[in-house]
Amino acid sequence: MKSSFSRRDMLRLAAGTGAASLLAACAGPGGGDSGTAAQQEAGGDLSFAHWRAEDKEVFAQIITDFQKKNPKITVQQDISPSNDYQSTALQKLRGGSVGDAFTAFRGAQFLEIAKAGVWTDLTGQSLLGRYEPALITAGTDGGKQLGVPYQLVFNTPLVNTELLSKAGYTEAPKDWNGFLALLEKFKGLGVSPIAWPGGDAANAGQLLNVMVVNNAPTDDALGKIETGEAKVTDDWFLTVLKQYQQLAPYFQTGSTGTSADAALALFAQGKAGLLATGSFQVAGVRKLGATFGIDLLAPITTTADKAKYEGVFNATFILGVNAKSTKQAAAQAWLEHLSDPAVAGVYANGTAQHVTVKGVEYTNADLKALAPWLTKKTALAPRFQFSNLDVRGAVENAAVQVVGGKSPEEAAEAAQKVVDQKK
C-alpha cells in the first residue's frame, strides 16, 4: 500500500513556521476560541480515551485551556496501555460511558470500531479542512471520514547519534551488510547494539515495518498474507525471519521478554545504540533524562541498489466522536479544539510528535532534528495492513520466536497455521 502524500507536502509540513497564526485566523467555525453554537450548548463530564500515557501531562495543559473556553465541560483522560487498548477499547466504547471522544490505531482497530458503528461520521465538517488531506485517509471507511489521524510518526528505530559518531559513522549504512557492521561497532563500544521490546507485542512489531518494506515484493504484501494471496512461508518473508535470526545476537539479553519501558530505559541511559520502535518514543527518552542527540536509522535489508525506502512512517492516533455517547456535542467541541493549529502545536512540541494538522509551528528541538525525515522516501507502515489482529499477532510473533531460538522455517509454519485457521 503506497502513500499518496507527496514529499513536497511533507516539506511544507516541516516548514510550517509562521503559518499557524494565519490558519488559526482562517480556520472557520471553531477556530481559535472554540466558539461554535454546538460548543456553547455542550456540557458535562467528558471521557477522552487513549493509550498515550506519556502524553498525559501535555493533554492536561490542553484540557485546562479548553475548559477555560468551555466552562460547562470537564475532560477526564481515560488511559490504557497500548496493548490493552487494542484488545479492550471497543468493548468499553460500545457502552458509551467511556470514550465520549476517543482514539484508535490505524488498520484493524479502526475497521473493527467502524464495523461496530461506534464512529460518528465527520464527513463534510469544517474541521477537516485543517488537516493535510492525504494524511487523514486512514480515518476513512466506505467513503466516509469517520476519524482524523492526529499523529505523523516514523516507525523507524531511534539512534543515539553520540554513539553513532563514536562508532565512526556520519550517516546510516546503505545496505544489510553495512547495517550488521554498524551493530558490530556498537558491540565494540560495550553497549547493546539494539534495545528491542520483544516482550511487548504492541511495540515488538514496530521493527517488522522496516524489516519488511524493502524485502516485500509489493507494498501490500503483508496484507496479502491475511487474504491468502501470500504466505508466511514465502521466500521473501523467510528472508525477513532469517534476518531476525542474524539480529538476535545484537539485541539485549532477554530481549524476547523485555517490556517497552525497560527497552526505553536502556536506550535513554546510553546503554544501547538503537531503540527499535519509533519517533513516538522520543519524548519518553527525554523524560528519562537523556541529553544525547537522537536521529532515526532504519536497517536497509537489501543491497543499496534494491532499496526502495529509507524508513517507515504512519498516520495514526485516530481521533473521533463516540456514536454511542450521550455527550457528542462536548466530544465534538473537544475534537474541534484539538484541530486548532495552535493547540496541535502545543501537542506536537510537548510530545515530540509531528502532527497531521496544517500550519503547525514546530519549536521542539527533536522535531526540528527529525524534520529531514519528512522529505525522505518512506513507506506507509505495513504492519497496519492487517484487519485481523490474531493474524497480525501470529505473523509478528514468528519474528519473536526466531529471536528466541526457533528456526525461521518452524516459526513460519506455525504462524501460517494460525493464518489458515482465521480465514
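The values are calculated or read from the model by the stated rules, or taken from the named source; none is laboratory data. All values reported here derive from a predicted model rather than from experimental measurement. All Cβ positions, even for glycine, are placed from backbone atoms using ideal geometry, and neighbour counts span all protein chains on display. In case anyone asks, the SASA skips ligands and DNA or RNA and just uses the protein heavy atoms, side chains included. Shrake-Rupley method; radii C 1.70, N 1.55, O 1.52, S 1.80 Å.
Please return the ranges of helices (runs of 4 or more DSSP H) entirely within segment 184-271 where 1 or more residues are within 26 Å of Ile294 (Cβ to Cβ) and open to solvent by 10 Å² or more (accessible area, probe 1.4 Å).
Passing ranges, in order: 201-204, 206-212, 235-247, 260-268.
Which pairs turn up if I take residues in segment 345-366 that are farther than 17 Å from Ala315 by Cβ and look for partners that are of a type in the set (Asp, Glu) with beta carbon separation below 7 Å, at least 6 apart in sequence or on another chain?
The qualifying pairs are Gly345/Glu361.
Quick one: which of Asn83, Asn70 is out of contact with any Lys or Arg (no Cβ under 6 Å at 6 or more places or on another chain) and either of a type in the set (Lys, Arg) or closer than 30 Å to Ser259 by Cβ (or both)? Explain how you work it out, then say what you get.
Working: Asn70 fails: either of a type in the set (Lys, Arg) or closer than 30 Å to Ser259 by Cβ (or both).
Just one listed residue meets the conditions, Asn83.
If we scan segment 161-177, do we find a residue that is within 17 Å of Thr378 (Cα to Cα) and in contact with a strand residue (DSSP E or B) (Cβ under 6 Å, 6 or more places away or on another chain)?
Looking for residues that are within 17 Å of Thr378 (Cα to Cα) and in contact with a strand residue (DSSP E or B) (Cβ under 6 Å, 6 or more places away or on another chain), one finds none in segment 161-177, hence no.
Please find, among Thr140, Thr170, the residue that is more than 21 Å from Phe251 (Cα to Cα), of a type outside the set (Phe, Trp, Tyr), surrounded by 15 or more Cβ atoms within 10 Å (Cβ to Cβ) and without any contact (Cβ under 8 Å) to a residue 12 or more places away in the chain.
The unique qualifying residue is Thr140.
Answer yes if at least one residue in segment 377-396 is of a type in the set (Asp, Glu) and under 19 Å from Pro197 (Cα atoms), and no otherwise.
yes
Within segment 338-393, track down each residue that is within 21 Å of Ala134 (Cα to Cα), polar (S, T, N, Q) and part of a helix (DSSP H, G or I).
Ser339, Thr375, Gln385
Kindly list the number of the only condition in (1) touching a His at 6+ places or on another chain (Cβ under 8 Å); (2) of a type in the set (S, T, N, Q); (3) assigned to a helix (DSSP H, G or I) that fails for Gln151.
The number of the failed condition is (3).
Which of the residues that make up segment 180-228 are in contact (Cβ under 8 Å) with a residue 40 or more places away in the chain and over 23 Å from Thr258 (Cα atoms)?
Result: Val213, Asn214, Asn215, Ala216, Asp219, Asp220, Ala221, Leu222, Gly223, Ile225, Glu226, Gly228.
Given the options Ile73, Ile62, Ile113, name the one that is over 20 Å from Ser325 (Cα atoms), crowded, with 18+ Cβ neighbours inside 10 Å and β-branched (Val, Ile, Thr). Steps first, please.
Numbers: Ile73 fails: over 20 Å from Ser325 (Cα atoms); Ile113 fails: over 20 Å from Ser325 (Cα atoms).
Result: Ile62 is the single residue among Ile73, Ile62, Ile113 that is over 20 Å from Ser325 (Cα atoms), crowded, with 18+ Cβ neighbours inside 10 Å and β-branched (Val, Ile, Thr).
Within segment 47-59, restricting attention to residues that are over 14 Å from Leu319 (Cα atoms) and touching a residue at least 40 places away in the same chain (Cβ under 8 Å), which residue is surrounded by the fewest Cβ atoms within 10 Å (Cβ to Cβ)?
Applying the filter and picking the extreme gives Glu57.
Out of the residues in segment 80-95 that are surrounded by 17 or more Cβ atoms within 10 Å (Cβ to Cβ) and not basic (Lys, Arg), which is nearest to the chain's Cα centre (by Cα)?
Taking the candidates together, the pick is Ser82.
Restricted to segment 288-335, and to residues that are basic (Lys, Arg) and in contact with a Leu (Cβ under 9 Å, 6 or more places away or on another chain), which residue is most open to solvent (accessible area, probe 1.4 Å)?
Lys324
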